[in-house]
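Taking it in order: structure first as structure tokens, then the write-up.
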Amino acid sequence: MSTLLTELNEKRYGKIISIEGSQRFLDRAGAMGLTPNTEIQMVQNKKRQPILVYARDTLIALNRKESKGIMVKGVE
Amino acid sequence: MMSEIASVMGKPAIVALAGQPNTGKSTVFNGLTGARQHVGNWPGKTVEQKSGRYVYLDQTYTVMDLPGTYSLSANSPEEVIARDYMVSGEPSALVVMIDASQLERSLYFLSEIAGLSIPTIIGLNMMDVAKEKGIHINVKALEKLLGVPVVEMVASKAIGMDTLKEALTQVIKKKTSVAAEGLFEIFKMSDRAIYKPTLEFLKTELAAIRYGDYAVEWLAVKCLERDRLVMETIKAQMSDPQYKVIVAQLEKVPYDKMTFASYRFKWIEKLISKSVNIASKEKKLLKRSWFDRLSTHRYLGQPLAFMMILLGFMLSMVICMPIMSVLSGQILPKVYQGTIQGLQNIGAPIWLISIMSEAVLPAAVMALIMILFVTSVLLIFGVMEDVGYLARVAFVFDRAMCKLGLHGKAIIPFMMSLGCNMAGITGSRVIDSLKQRRLAIVVSLVMPCLAMWGVISFVSAIFFGAYTPVVLLGLFLLTIVHMKITAKVFGKWIIGATEDFQGLVMELPPFHKPNWKSILKNTWYNTKNVAQKAFLLIVGISMVMWILSFSSTGHIEDSIIYSVGKTIEPISMFFGFDWRLFTAFIVSAMGKEASLGVLAMLFGQGGGVMSFTGTMVGSAVTYSQAGFQSAMANSVSTASALAFVTAFFFNVPCMAAIATIRIEAGSMKFTWQAVAYYMTVALLMGGIVYRVATLFL
């Protein structure tokens, strides 16, 4: 079952299903290692703040608005 | 040896240094070049350019530090510059910095270079951190897979520098570049070889395109990715029908950036699986220290950032305050007296005595203080940046700063400007994008510094009495409006920073201990860069001010500025300024501390100096407080005083600030644009306040 990245709870793992957004965002996210099938860990997800995810050994801060373009599947 | 290399190269050896941010690129740059550095701008671009030199085995190498970018996708000027330079044929070799502890992500950059014909070396940095994390890299295997030398490095401890230099001489001779066949194979064969026909077609069609030095497969892949620059180049070099054929072919296959990015990571994962042994493949929760968690905390992150910035500001003050007070409080007055005495003894003319003691000397001292201050700010905030804290500040202030079209780190110059604008402007150094940095600088100038309040409280006490808090509240509200308008005006039209602005997608580097050696070196090179420009600019402005305000009789009525002020008084009166207030406004762009002295002279109360610049020598001007107050009260209306306070409040902070803008923004043109904008807007605001006030007062 897939959900928005912004709905993934803290400390949970997820696998990226798809990413949508502006070309600029896609380029940047791709270069940071956020591509489909990448496993991520939600590190911090608080309202009125960018979210923090951990992927490919990197802690990445993501704008809340743009992270809504990322769909993930929960992984145990 | 030397002639051998020279003959192989046929041109001076230029080494381009590239890689993602936080891979230790600047540490390697400093390590290679030492103090032989030059900072400028890339031709025609708002991007800082750093270059330097080193000598190895009698051969001189020029090192070009390319902007640190995560990819080469042509979305920002930094990416375009890095890529254009790599394919330009100018560099003899390329060093790509890779973070061994974050291999996957930092190899992405390499995947975009694979296919360029430039001789390449990989600097595998942070080997110590990787080992700690249990990542064992078989360097020999990686070298074999990539076909280029891989140099193990711990740049912060200068480990691997000599090996890198040696490898560079070799690679320039052998001209080995990154083996890209594996990558192209993945593009061709993935997803049931859906892109294979298109790539083969593009390979033949694009064979004649000249864009730079690369394998044609590289161009075909970039074309498949519809890279903006590559598409433009192809369009320009082909006939319309030919180009249409290419586009038609591209439209036959699905276009998804993410697919292509994942192909690149497929290549990377393959490389890693064949050369890296990770001790534990178990999934582990990322461990963050309590401070790391606090620094991004929803409620406490911002107060912590405020405290850290304040602490940083105070620490820089602690470093230079004692020297500053001795310099301006004790040494300056003595040297000032000594200069006058000395020049009088040799019978120098009065103007020479005045220019030396009142313009050159105090300006030089001001420049010295500025250099000292800038150095300590750079040092303290350099440490905070180095350990990884400032990325967290950007994170917690992202939302607030975003509203002004600014990077979260802009909070640093803003806050520091409340103490001193010069410190704030220097603090903007932590913003990597030069356009974003310029925008932060220009908006930070709205912030009132501490020195401003001396004059504001003096004038308020005379004219506004109990209404002073109302005036201050008004100024505060105007500050917010001013910031918003300035951010818009400069962001949109003058700098064009808003186009480059994108939502936050940023790496928060892991916290680590400061690399003192590298920080100290960096600060020292920066200081050297700052010194000369600071002296020239501050002494220059001071000289102009001196020429305008010098009078051999000590009466202001005998100066040029008096005639200028008197001539335009009919116009300036429209804004509520008589010639004295107008002159005081202009001169306050020189410095806020000296402004009371200048006002005293203008109102016929100050004595002891022959020019306004002389007021910079704190003890040189003498005036009686009471006489000064009554002179002002008697000849200035409350509406005019209100207009003056407003214009004064929003004027350019001081000469040192102007010099700092020049240094941090890297452009004289931009510096004067900012100065002209601030002086004009301040006058206009004063004028509006005056006109409104006259209706009521």
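A short reminder: the numbers here are calculations on the coordinates, not readings from a lab. Because the structure is predicted, anything quoted here is derived from the model rather than measured. All Cβ positions, even for glycine, are placed from backbone atoms using ideal geometry, and neighbour counts span all protein chains on display.
Overall size of region B:407-476 from C-alpha positions, given as principal axis extents largest first: 46, 18, 13 Å. Dimensions of region B:195-253 from C-alpha coordinates, computed as largest minus smallest value along each principal axis and given longest first, are 27, 23, 19 Å. Considering only B:375, A:1, B:100, the residue lying farthest towards the positive end of the dipole of the protein assembly as shown is A:1, judged by Cα position with unit charges set on Cβ.
In chain B, the longest principal axis of the Cα atoms and the axis of helix B:161-174 are about 60 degrees apart.
Quote to one decimal, in nm, the extra length available between residue B:489 and residue B:90 on full extension: 0.36 nm per residue of separation minus the C-alpha distance between them. Mind showing how you got there, number by number?
Working: separation 399, 0.36 × 399 = 143.64 nm, distance 3.79 nm.
Length gained between residue B:489 and residue B:90: 139.9 nm.
Spherically averaged projected area of the convex hull of Cα atoms, region B:267-417: 16.7 nm². Overall, the ratio between the Cα radius of gyration of region A:2-75 and 2.2 N^0.38 Å, rounded to two decimals, is 0.94.
Between residue B:567 and residue B:216, the modelled label-to-label distance comes to 7.0 nm, taking each label 7 Å out from Cα in the direction of the beta carbon.
Altogether, the Stokes-Einstein calculation at 25 °C and 0.890 mPa s, with the Kirkwood radius of the protein assembly as shown over Cα pairs as Rh, returns a diffusion coefficient of 85 µm²/s. Legend: ranking of residues B:638, B:646 from fewest to most surrounding C-beta atoms inside 10 Å; resulting order B:638, B:646.
Once Rh is set to the Kirkwood radius over Cα pairs, what Stokes-Einstein translational diffusion coefficient, in µm²/s, holds for region B:344-464 at a temperature of 25 °C and a viscosity of 0.890 mPa s? The partial results should precede the final answer.
On the way: Rh = 16.8 Å.
Approximately 146 µm²/s, per Stokes-Einstein.
Taking Cα atoms, how many degrees apart are the long axis of helix B:332-345 and the longest axis of chain B, rounded to 10 and kept between 0 and 90? In chain B, helix B:332-345 runs at an angle near 70 degrees to the longest axis.
Farthest toward the positive end of the dipole of the protein assembly as shown, out of B:150, B:581, B:631, is the Cα of B:150, where the dipole comes from beta carbon charges about the Cα centre. Rg and Dmax of region B:547-671, both derived from C-alpha coordinates alone, stand at 14.9, 46 Å. For the pair residue B:629 and residue B:553, a Förster radius of 30 Å applied to the C-beta separation gives a FRET efficiency near 0.75, rounded to the nearest 0.05. Please name whichever of B:170, B:125, B:76 sits farthest to the positive end of the charge dipole of region B:2-181, dipole taken about the Cα centre and charges placed at Cβ: Lys and Arg +1, Asp and Glu -1. Result: B:170, furthest along the dipole toward the positive end.
Kindly identify region B:2-181 as rounded, prolate or oblate by the Cα gyration tensor criterion: order the square roots of the eigenvalues as a ≥ b ≥ c, call it rounded if a/c is under 1.5, otherwise compare a/b with b/c, prolate if a/b is larger, else oblate. It is rounded, given that a/c, with a ≥ b ≥ c, falls under 1.5.
I'd like the FRET efficiency for residue B:473 and residue B:325, computed as 1/(1 + (r/R0)^6) with the beta carbon distance as r and R0 of 45 Å, rounded to 0.05.
Numbers: r = 33 Å, r/R0 = 0.74.
Between residue B:473 and residue B:325 the formula returns 0.85.
Could you work out how far helix B:655-665 tilts from the main Cα principal axis of chain B, as a 0 to 90 degree angle to the nearest 10? Roughly 10 degrees between the two axes. With a 10 Å cut-off around each Cβ of B:249-258, the average count of Cβ atoms from other chains is 3. Counting only Cα atoms, chain B measures 90, 58, 57 Å along its principal axes, largest extent leading.
Is the C-alpha gyration tensor of region B:571-631 telling us rounded, prolate or oblate? Criteria: a/c under 1.5 is rounded; beyond that, a/b larger than b/c is prolate, otherwise oblate. Mind showing how you got there, number by number?
Details: a/c = 2.33, a/b = 1.40, b/c = 1.67.
It is oblate, given that a/c is not under 1.5 and a/b is not larger than b/c.
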